[in-house]
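The values are calculated or read from the model by the stated rules, or taken from the named source; none is laboratory data. These numbers were taken from a predicted model, which means no experiment stands behind them. Note that each Cβ is placed from the backbone with ideal geometry, even for glycine, and that neighbours are counted across all protein chains shown.
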Amino acid sequence: MSAAPHGGTLVDRCLQGQERDEARQRVGSLPGIDLDERQAREVENLAMGVYSPLAGFMRQADYEAVLATGRLAGRTPWTIPIILDVSEETARAVGRGAAALRFEGRPFAILGIEEAYSFDRRALAARVFGTEDPAHPGVAFTSALRPVLLGGDVDLIEPLPTPFARHRLSPRDTRALFEERGWRTVVGFQTRNIPHIGHEALQKAALNLVDGLFINPLVGGKKSGDFEDPVIVAAYEALLAHYYPADRAALGVLQGQMRYAGPREAIFHAIQRKNFGCTHFIVGRDHAGVGSYYPPYAAQEIFQDYPDLGITPLFFPAFFQCRRCGGLANEKICPHGGADRVDFSGTRLRDALSKGEGADAMIRPEVMEAIRGAAGGPFRA
């Protein structure tokens with residue numbers, strides 16, 4: 001049996017049948033808001049229930065409670081603001097009531113605007129990212145947000161096109177899949193990287209404890225130097241095809257934005273996988289971190305503050321190759337020092353791939369073949 005949705009109810013704001021037909025006719029008469037892809041994917045995630053119990057963009061009470069307490073105004077755990085930023089001109093033009101949400105000129109959803117409010121970008125950055133350093137990618141992103149936030153529920157008329165249609169699964173889809181396979185316990189794995197040997201060891205260690213593994217790479221907004229989305233998906237397709245039992249692992253993409261918020265984002269990632277139906281969630285070393293902004297295990301320690309989260313975190317140290325042990329090991333089971341270790345960090349792997357040397361020792365040959373076969377380079381410009 002899948003985990004209960006966060007907050008108790010799985011949101012579904014995807015219009016069907018007559019409601020969809022009526023909405024299609026209606027949007028032409030509504031004031032419009034043009035969204036970028038980041039914002040548009042947020043609308044999709046809200047409508048499909050990925051962000052349950054949220055049915056729309058946060059009103060001010062929830063926004064302020066999340067910053068101050070890491071919980072919604074009603075005390076439900078929640079750590080990342082889900083907001084729609086617009087210019088003052090747009091806010092005045094749309095006013096209150098319904099507005100058509102457009103992506104690339106096409107209306108695809110309706111927003112019922114209940115509130116428009118200003119916010120402090122510096123306070124947002126400090127609370128969510130724990131820093132105001134403009135070199136942090138999340139802080140840099142926050143500083144560029146427009147000055148007005150709109151709060152209100154969304155209704156999705158048409159899902160956006162995606163190059164990953166085969167792997168786009170809504171929470172209703174994944175819950176049906178898990179039930180079909182008879183998985184009573186499912187562990188979710190968040191990633192923005194291609195899989196190396198250490199990731200595989202971590203995933204399989206978790207899989208020993210549960211019925212199924214749901215690998216859920218984030219595709220969408222990421223920083224320069226991260227892996228390109230098609231490369232990540234192709235690499236995991238290769239790994240699952242050759243190294244996992246077909247009935248024990250599943251792959252589905254999460255279309256959205258990486259925040260690099262470390263501990264707070266770890267909780268947010270767990271909530272999303274809970275909504276997909278996972279009962280457990282893998283939290284590794286420096287989960288959702290960037291640079292040296294967060295202590296290595298801060299993303300695990302924060303779960304102590306959320307005993308009511310409703311999903312079981314599985315904490316793992318980083319795996320590495322130990323020459324003296326003669327195989328894979330981690331800090332909990334290996335007594336040897338750094339001189340005997342070969343680390344499998346994402347940073348080290350990206351460096352090896354960019355230099356064209358040393359990567360073969362860190363990833364499976366089928367994964368390397370998939371990376372080499374992907375169009376374009378492996379990294380974001």
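Miscellaneous remarks
- Candidates 337, 262, 284, filtered to the one that is farther than 23 Å from residue 200 by Cβ, small (Gly, Ala, Ser) and surrounded by 20 or more Cβ atoms within 10 Å (Cβ to Cβ): 262
- Looking across 134, 161, one residue alone is without any contact (Cβ under 8 Å) to a residue 24 or more places away in the chain and over 27 Å from residue 23 (Cβ atoms). It is 134.
- Hits in region 332-353 (condition: within 26 Å of residue 226 (Cβ to Cβ) and aliphatic (A, V, I, L, M)): 342, 349, 352, 353
- Test: residue in region 174-181 that is under 25 Å from residue 277 (Cα atoms), free of Cβ contacts under 8 Å to residues at least 40 places away in the same chain and of a type in the set (Lys, Arg): no
- Subset of region 64-111 [within 15 Å of residue 32 (Cα to Cα), free of Cβ contacts under 8 Å to residues at least 60 places away in the same chain and under 25 Å from the mean Cα position of the chain (by Cα)]: 104
- Qualifying residue in region 265-275 (condition: in contact with a helix residue (DSSP H, G or I) (Cβ under 8 Å, 6 or more places away or on another chain), assigned by TED's automatic domain parsing to the domain that holds residue 193, in a helix (DSSP H, G or I) and of a type in the set (Val, Ile, Thr)): yes
- Pair list, Cβ under 9 Å, 6 or more apart: region 207-231 residue assigned by TED's automatic domain parsing to the domain that holds residue 193 and at pLDDT 95 or above, other residue assigned to a loop (DSSP other than H, G, I, E, B) and of a type in the set (Asp, Glu): 212/247
- Filtering region 199-251 to residues that are of a type in the set (A, V, I, L, M, F, W, C), in contact with a helix residue (DSSP H, G or I) (Cβ under 7 Å, 6 or more places away or on another chain) and part of a helix (DSSP H, G or I) leaves 231, 233, 234, 235, 238, 239.
- Residues that are at pLDDT 95 or above, assigned to a loop (DSSP other than H, G, I, E, B), assigned by TED's automatic domain parsing to the domain that holds residue 25 and touching a strand residue (DSSP E or B) at 6+ places or on another chain (Cβ under 7 Å) occur at least once in region 118-134.
- Taken together, the residues in region 292-313 that are in contact with a helix residue (DSSP H, G or I) (Cβ under 9 Å, 6 or more places away or on another chain) and in a loop (DSSP other than H, G, I, E, B) amount to 7.
- When every residue of region 142-164 is checked against the conditions, at least one turns out to be assigned to a helix (DSSP H, G or I), crowded, with 21+ Cβ neighbours inside 10 Å and touching a helix residue (DSSP H, G or I) at 6+ places or on another chain (Cβ under 9 Å).
- Within region 248-261, residues that are within 7 Å of residue 215 (Cα to Cα) reach partners that are not in a strand (DSSP E or B) with beta carbons closer than 7 Å, at six or more positions or on different chains, in the pairs 250/177; 251/167; 251/236; 251/237; 251/240; 252/167; 252/169; 252/174.
- Within region 281-308, residues that are assigned by TED's automatic domain parsing to the domain that holds residue 260 and without any contact (Cβ under 8 Å) to a residue 40 or more places away in the chain reach partners that are surrounded by 19 or more Cβ atoms within 10 Å (Cβ to Cβ) and assigned to a helix (DSSP H, G or I) with beta carbons closer than 6 Å, at six or more positions or on different chains, in the pairs 283/266; 283/299; 283/300; 298/263; 299/263; 299/266; 302/263.
- All positions within region 21-49 that are assigned to a loop (DSSP other than H, G, I, E, B) and either at positive phi or crowded, with 24+ Cβ neighbours inside 10 Å (or both): 49
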